[in-house]
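Please read the structure below before turning to the comments.
The values are calculated or read from the model by the stated rules, or taken from the named source; none is laboratory data. Since the structure is predicted, the reported quantities are computational estimates derived from the model, not experimental observations. Don't worry about glycine lacking a Cβ; one is built from the backbone with ideal geometry, like all the others, and counts go over all protein chains shown.
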Amino acid sequence: MDVISRNKRICQLIAKQLWDGLSDHEKQELQEWIQASPDNSTLYDELVRLERVRQYIEKRESIDVRKYMAVCERELGLGGKRRVINRLWGYAAAIFVLCVVEVCIWINKQEKVGIGEIAQTVIEPGKVKALLVLDDGREIELGDRNASQGLEASGIVVVSDSSRIKYNQEEGTEEKEVMNKIIVPTGGEYNLILSDGTWVYLNAESVITFPKKFVGERREIILEGEAYFHVTASKEHPFIVKTRDMDVLVTGTEFNVKAYPDESNVQTTLLQGKVAVFAGEDKKEKVEIQPNQQAEWDRGDVKLQVREVDPDLFVAWKNGHFIFRQDRLEDIMRTLARWYDMEVIYLDTSIKDMAFAGKLDRSKDITPILNVLRATDKLTVEVNGKRIILGVK
């Protein structure tokens, strides 16, 4: 029996054990696999531990079993082998099939990789990566040195290094702005120098739309997500960052804008200079803020307010850190999920409101962060691939 067939067989045995029980021969077969390596034993314990089984049973009624069996059938390439599916059907008539399907899908994609190695998955930090979309629709992957030749040959941008691109600042006679876009995915970051010399640092899950060269009196860009700006001063040509709920107007300054669509607030935090903030559906609400102040638009309460802040907390990401000061766990994990490209599951909604503080290194894998949560003795923390499962002790 080859590796893949063997692993499919193990999936079937685990599912049957959880749902229907095994014969003596099947128990021996599964036990031999468990004892074959420490990795196999670790994975088996994770799948069948009593707490996990209890959670599956509680959610059993809400599961569309046929849907997940269809996924399993497709991923394993069983096709018309209905007899195999029929045997699995009786064993997978509950939520247990979810964990088994995940294992099977992973095996199928890895082909020659053993089933036990999933237990050793490390959630790595993000890295420099982005997608440049040119005005003609061409897409160029950024973040690797191979991109430089195509960019330089086009005469559009000059690559300074693999972590950023720089637009030429040569004088031109363009009458119309040619728009480009940079998309930073989950688990990514990227830097950009605009044609006027303005530096833009882009956080994960961010999109910036900007002109190849600024034309006219105003320098306007559009942002979704989070970015730190160091704007080249020009009173004659104000710089405007436009988001869905907030516009920020400056002439030359340093500030951070956070405008993720899945968060309840939009924030502009000022480090140097002075900015005017326009917020709301029609951008009619206006405030001016000074250094060490933050303008925040509350999408739920439809309210704009200004407060004194420590700006280091809000630009720590640019400097390679996470800094939290008694922040809600849900907000913390949402921030981490963007950087580590992971999913967070809460087994109890009360967990989301727990408060934590700390300073963390963005360049490290997530293990130290999870150890901090475990050390509180308030939470159970499980890691299943790139999924973090949080429960109450």
Tell me, which residue of segment 196-224 that is among the basic types (K, R) and under 22 Å from D245 (Cα atoms) is nearest to the chain's Cα centre (by Cα)?
R219
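Right, R338: farther than 18 Å from E254 by Cβ and either assigned by TED's automatic domain parsing to the domain that holds E226 or in a helix (DSSP H, G or I) (or both) or not?
yes
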If I filter segment 316-374 down to residues being among the small types (G, A, S) and modelled with pLDDT of 90 or more, which single residue comes out as nearest to G187 (Cα to Cα)?
A337
Looking only at segment 255-304, and only at residues there that are out of contact with any Pro (no Cβ under 9 Å at 6 or more places or on another chain) and basic (K, R), the one that is surrounded by the most Cβ atoms within 10 Å (Cβ to Cβ)
K258
Could you tell me how many of the residues in segment 362-388 are touching a strand residue (DSSP E or B) at 6+ places or on another chain (Cβ under 8 Å) and either among the acidic types (D, E) or not assigned by TED's automatic domain parsing to the domain that holds E343 (or both)?
1
Taking strands (runs of 3 or more DSSP E) that fall entirely within segment 180-253, which contain at least 2 residues that are surrounded by 20 or more Cβ atoms within 10 Å (Cβ to Cβ) and not assigned by TED's automatic domain parsing to the domain that holds D135?
219-230, 239-242, 246-250
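Based on this model, can you work out whether I193 counts as under 27 Å from the mean Cα position of the chain (by Cα) and either closer than 23 Å to P311 by Cα or not hydroxyl-bearing (S, T, Y) (or both)? If you could, list the steps in order and put the result at the bottom.
On the way: under 27 Å from the mean Cα position of the chain (by Cα): yes; either closer than 23 Å to P311 by Cα or not hydroxyl-bearing (S, T, Y) (or both): yes.
Yes, satisfied.
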Could you tell me how many of the residues in segment 346-373 are closer than 27 Å to V315 by Cα and free of Cβ contacts under 8 Å to residues at least 60 places away in the same chain?
17
Being of a type in the set (D, E), surrounded by 12 or more Cβ atoms within 10 Å (Cβ to Cβ) and modelled with pLDDT of 50 or more: is that true of D45 here?
yes
Go through A337, A316, A357, A295 for me and flag whichever is over 18 Å from E205 (Cβ atoms), among the aliphatic types (A, V, I, L, M) and out of contact with any Ser or Thr (no Cβ under 6 Å at 6 or more places or on another chain).
A357
